[in-house]
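Asker: This is the structure I have questions about; it appears just below.
Please treat every number below as a calculation from the coordinates, not as lab data. Since the structure is predicted, the reported quantities are computational estimates derived from the model, not experimental observations. Neighbour counts run over all protein chains shown; Cβ positions are idealised from the backbone, glycine included.
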Amino acid sequence: MLKFILAGATAALMATTALAADFKPAVVFDMGGKFDKSFNEGVWKGVKKFIDETGVEVMEFEVTNETQREQAMRRMIRKGATVVLGVGFAQADAIDKVAADHPDVSFSIIDVSWLDRPNLRQYAFKEHEGSYLVGVAAALKSDSGKVGFIGGMDIPLIRKFACGYVQGVVETRDGATVIQNMTGTTPSAWNDPTKGAELAQSQIDRGADVIYHAAGGTGLGVIRAAADAEKLAIGVDSNQNGLAPGKVLTSMVKRVDVAAYDTLKDAMDGDFKAGVNILGLAEDGVDWAVDEHNEPLLTDEIREAVAAARKAIIAGDVVVHNYEDDSDCPF
């Protein structure tokens, strides 16, 4: 009996090893690099978790200009990639073309929901819901009643962050105002911390004392400028509270790490399914971050108000406007 058990275990091990040998995952990070302390780095955390748990090597490429996206995907497939993860909406056209040309390869993309390929999984997030929560916190923490928002590239997705934040602010505090700026209209807007600091200082000069950024690497300048001026910043995508402890009120976290990990793990396990996954508060896809770095900043009033807002949004009692639905923000 023992030899049959050992033989069965050996066969299972050999099958698993063969499967792992045939499985070759790849990820294409977007502008800003995988250590941008924000969106890309959130994805990297999910990839790293997968690597640490499975020991499987993941091919990587960090885009530095727009022409590299499609080239990188095709190069990875030539190297045997069986699943390719694209990071960010800017990779939509590239992944759509490559997925069409390679129907036997699985593809996944984060921040896209409008493509239609039978071998493509898409992840989109309800950033407006998470932004509403940090808007509630900003409105209650502000001494001046003036808060700020700094976006990266001026696109509908970032307007979606801004509008949810504004709604959270104005529905929490009568008379509160939100000063808004976008960094630019090209991809370089994601990686310009100097410009981020300048915009933040301009908003501070106009009275803003809490500034939320949705600007990738540019946001590092926003956080630095707010901290230098003894004001507060709000981080985005990854938990950025620790970048300036005591000076980051909170961060609107977007669980891109989960999307990355699930993509690779499902593909390895043979459970990969195409389609669109939309993650909001109810799905734990977005939230605000509370840790040892910002806990002293959060009053009971703020905690209770954010908890109440989360509950109301999930229940449908508060509907957060989605800018992408009509290209308008009514607040």
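Asker: Quick one: in the stretch 98-174, what % of C-alpha pairs are over 20 Å apart?
Answerer: It works out to 48 percent of all Cα pairs.
Asker: Could I ask something else about it? Tell me which GluC sites (Glu not before Pro) from the stretch 215-303 have a DSSP coil assignment and no more than 10 other beta carbons within 10 Å of their own. The partial results should precede the final answer.
Answerer: On the way: sites: 230, 283, 292, 301; in loops: 230, 283, 292.
Here the GluC sites (Glu not before Pro) that fit, given the DSSP loop and packing criteria, are 230, 292.
Asker: Report the local net charge at residue 226: Lys and Arg +1, Asp and Glu -1, summed over other residues whose C-beta lies under 11 Å from its C-beta.
Answerer: Neighbourhood net charge equals 0.
Asker: Oh, and also: What angle do you read, to the nearest 10 degrees and between 0 and 90, between the alpha-carbon axis of helix 39-54 and the longest principal axis of the chain?
Answerer: Result, in degrees: 30.
Asker: Now a separate question. Lys and Arg at +1, Asp and Glu at -1: add these up for the other residues within a Cβ distance under 15 Å of residue 326 and post the number.
Answerer: Local charge sum for residue 326: -1.
Asker: What is the Cα coordinate range of the stretch 169-259 on the first, second and third principal axes, sorted by size from largest, in whole angstrom?
Answerer: 38, 26, 25
Asker: Next question, about the same structure. At 1.306 mPa s and 10 °C, plugging the Kirkwood radius over alpha-carbon pairs of the stretch 235-331 into Stokes-Einstein gives what diffusion coefficient in µm²/s?
Answerer: The estimated diffusion coefficient comes to 101 µm²/s.
Asker: Let me ask you something else. Using modelled backbone amide H atoms (1.01 Å from N, in-plane), which distant-in-sequence or interchain residues come within less than 5 Å of residue 214's amide H?
Answerer: Distant-sequence amide H within range of residue 214: 150, 151, 152.
Asker: Can you list residues from other chains, or at least 5 along the same chain, whose modelled amide H is less than 5 Å from the amide H of residue 288?
Answerer: Here 253 satisfy the definition.
Asker: For 186, 250, what's the fewest-to-most ordering of other Cβ within 10 Å of each Cβ?
Answerer: Listing 186, 250 from fewest to most nearby Cβ atoms yields 186, 250.
Asker: When the dipole is taken about the Cα centre of the stretch 216-315, and only Lys, Arg (+1) and Asp, Glu (-1) are charged at their Cβ, what size is it in debye, to the nearest 20?
Answerer: On the way: 10 positive and 17 negative charges, 64 e Å.
In total the dipole reaches around 300 debye.
Asker: Please give, to one decimal in nm, the separation of the simple spin-label points placed at residue 326 and residue 299, each 7 Å out from Cα toward the Cβ.
Answerer: 3.4 nm
Asker: Please provide three numbers in whole Å: the alpha-carbon extents of the chain along the principal axes, with the largest listed first.
Answerer: Each principal axis gives a Cα extent; for the chain these are 74, 48, 36 Å.
Asker: Report, for the chain, the % of DSSP beta bridges that are antiparallel, rounded to 5.
Answerer: Bridges in the chain that DSSP calls antiparallel: roughly 5 percent.
Asker: Say R0 is 22 Å: what FRET efficiency, to the nearest 0.05, do residue 307 and residue 35 get from their beta-carbon distance?
Answerer: 0.10
Asker: Please sort by residue number the trypsin sites (Lys or Arg not before Pro) in the stretch 273-326 whose DSSP state is loop and whose Cβ has at most 16 other Cβ atoms within 10 Å.
Answerer: On the way: sites: 273, 303, 310, 311; in loops: 273.
Listed in order of number, the matching sites are 273.
Asker: How large is ³J(HN,Hα) for each residue in the stretch 25-37, as worked out from phi by the Karplus curve 6.51 cos²θ - 1.76 cosθ + 1.60 (θ = phi - 60°), to whole Hz, x for Gly and Pro?
Answerer: Couplings: x, 9, 9, 10, 6, 9, 3, x, x, 6, 10, 7, 6 Hz.
Asker: Taking other Cβ within 10 Å of each residue's Cβ, how do 287, 143 sort, fewest first? Please report the intermediate quantities before stating the final value.
Answerer: Numbers: 287 21, 143 10.
Fewest-to-most ranking of 287, 143: 143, 287.
Asker: Where Lys and Arg each count +1 and Asp and Glu each count -1, what net charge lies around residue 184 among other residues with Cβ under 15 Å from its Cβ?
Answerer: So the environment of residue 184 carries a net charge of -2.
Asker: Still on this model: Taking a temperature of 4 °C and a viscosity of 1.567 mPa s, what whole-number D in µm²/s does Stokes-Einstein yield for the stretch 112-227 with Rh from Kirkwood over alpha carbon pairs?
Answerer: Working: Rh = 14.5 Å.
For these conditions, the coefficient is 89 µm²/s.
Asker: I've got another one for you. Using only DSSP helix segments of four residues or longer, with each worth -39500 (n - 2.57), what per-residue ellipticity at 222 nm results for the chain after dividing by its residue count and rounding to 500?
Answerer: Helix-only estimate at 222 nm: -14000 deg cm²/dmol.
Asker: Another question about this same structure. For the stretch 148-297, give the magnitude of the charge dipole about the Cα centre (Cβ charges: +1 Lys/Arg, -1 Asp/Glu; no others), in debye to the nearest 20.
Answerer: Dipole size: approximately 460 debye.
Asker: Ranked by Cβ crowding within 10 angstrom, fewest neighbours first, how are 49, 34 ordered?
Answerer: Numbers: 49 16, 34 20.
The order, fewest Cβ neighbours first, is 49, 34.
Asker: Right, something else. Mind checking the dipole of the chain: about its Cα centre, +1 per Lys or Arg Cβ, -1 per Asp or Glu Cβ, Debye to the nearest 20?
Answerer: Charge dipole, the chain, about its Cα centre: 700 debye, nearest 20.
Asker: Considering the dipole of the chain built from charges on the beta carbon (Lys and Arg +1, Asp and Glu -1) around the Cα centre, which of 244, 225, 92 is farthest to its positive end?
Answerer: Positive-end residue among those listed: 92.
Asker: Taking 0.36 nm per residue of sequence separation and subtracting the Cα-Cα distance, how much length would be gained by fully extending the chain between residue 291 and residue 48, in nm to one decimal?
Answerer: Numbers: separation 243, 0.36 × 243 = 87.48 nm, distance 2.18 nm.
Extending this stretch completely gives an extra 85.3 nm.
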